[in-house]
Amino acid sequence: MNTEQGAGRMARRFRGFLPVVVDVETGGFNCQRDALLQIAAVMIELDDSGRLVRGPTHSYHVKPFEGANIDAASLQVNKIDPWHPLRPALEEREALQRIFKEVRAGMQSAGCKRAILVGHNSWFDLSFLNAAVERSAVKRCPFHPFSSFDTATLAGAAFGQTVLAKAATIAGLGWDTSSAHSATYDAERTAELFCTICNELAGSFQWAENRARTLGWHESTSAVPDSEADAVDEL
């Protein structure tokens, strides 16, 4: 769990950004037209030894917005029945507000000023998140609107694998095909993959932090300047 000392390390590790893994299940590939059906967010924390670890998961089924398109092919993949009477789905705005509340609490605990989305092919998850935020008129989204960490890229560089199932297997995390394409399962495996890669780079980061200190950059890398955070909020 994040301690006061760990909070300072987290802020330094990602220049004031708190990485949060997000995965979405949808009714298609068009974020403006297709329904958001499930969203999961996994917090990233530091353990007592300073290693990144997977934190709590916050996951919600989401009601399709009015007029949303839902492709049958997408439902065959994610196995979601949007119209099942027992499906505990929330309106987009409520689901986002619940997740953002947890993300903001994590930011405060970690001493970070902004969250940054981590995803496998992160452009997809971020585009659906941004579209849902716009539709729901949610104010002050805690996530950076266009920057993200993509584990497909990171895993390709680290392990030579860009498919999540193969990257997780190579990394020794295992993979349950029957559980895949659930936002919760995919987000948790992505979080573990992200932590594994970052922990392997701990020595490289320590060298870079020492180098930044010699260049006089150390203080500026410890947090997002207020002016930058304010400017991003206005986007």
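Given a cut-off of 28 Å, what percent of all Cα-Cα pairs of the chain lie beyond it?
Summing the P(r) tail past 28 Å for the chain gives 31 percent.
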Extension gain Lys166-Ser147, at 0.36 nm per residue separation less the Cα-Cα distance, in nm? 4.3 nm
Compute the angle between helix 202-214 and the longest alpha-carbon principal axis of the chain, please, reported from 0 to 90 degrees and rounded to the nearest 10. 50 degrees
Segment Asn121-Glu200, length gained on full extension (0.36 nm per residue, minus Cα span): 26.4 nm
For region 161-172, in order, what is each residue's ³J(HN,Hα) by Karplus, 6.51 cos²θ - 1.76 cosθ + 1.60 with θ = phi - 60°, in whole Hz (x at glycine and Pro)? 10, 10, 7, 4, 4, 6, 5, 5, 5, 4, 6, x
At R0 = 22 Å, how high is the FRET efficiency between Arg9 and Ala157 if r is their beta carbon distance? Nearest 0.05 is fine. 0.40
Using amide H atoms built 1.01 Å from N in the peptide plane, name the residues 5+ places from Trp217, or on other chains, whose amide H lies under 5 Å from its own. none
Carbon plus sulfur fraction of accessible area for the chain, probe 1.4 Å, in percent: 53 percent
Given a Förster distance of 30 angstrom, what is the FRET efficiency for Asn69 paired with Ala105, based on the Cβ-Cβ distance and rounded to 0.05? 0.30
Compute the long axis of helix 183-200 from its Cα atoms, compare it with the longest principal axis of the Cα atoms of the chain, and write down the angle in degrees, 0 to 90, nearest 10. 20 degrees
Placed amide H near Val118: partners under 5 Å, 5+ positions off or other chain: Val20, Val21, Val22, Phe149
Among Leu37, Leu154, Leu126, which one shows the highest mean-square fluctuation when the chain is modelled as a Gaussian network with alpha-carbon springs under 10 Å? Leu154
Mean separation of Cα contacts under 8 Å (6+ apart) over length of the chain, as relative contact order %: 26 percent
Across region 110-122, in residue order, what do the Karplus-derived ³J(HN,Hα) couplings come to in whole Hz, using 6.51 cos²θ - 1.76 cosθ + 1.60 with θ = phi - 60° and x for Gly and Pro? 8, x, 9, 9, 7, 9, 10, 6, 10, x, 8, 6, 4
Theoretical FRET efficiency, 1/(1+(r/R0)^6), r = Cβ-Cβ of His84 and Asp47, R0 45 Å, to 0.05: 0.70
Between Val138 and Arg211, what length comes free when the chain is fully extended (0.36 nm per residue of separation minus the Cα-Cα distance, one decimal in nm)? 22.3 nm
222 nm mean residue ellipticity, helices alone, for the chain (DSSP H n ≥ 4; -39,500 (n - 2.57); rounded to 500): -14000 deg cm²/dmol
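The values are calculated or read from the model by the stated rules, or taken from the named source; none is laboratory data. Just so we're clear, the structure is a prediction, and the values are computed from it rather than from any experiment. FYI the Cβ positions are ideal-geometry reconstructions off the backbone, even for glycines, and counts take in every protein chain you see. Protein only, heavy atoms only, side chains kept; ligands, DNA and RNA dropped before computing areas. Shrake-Rupley method; radii C 1.70, N 1.55, O 1.52, S 1.80 Å.
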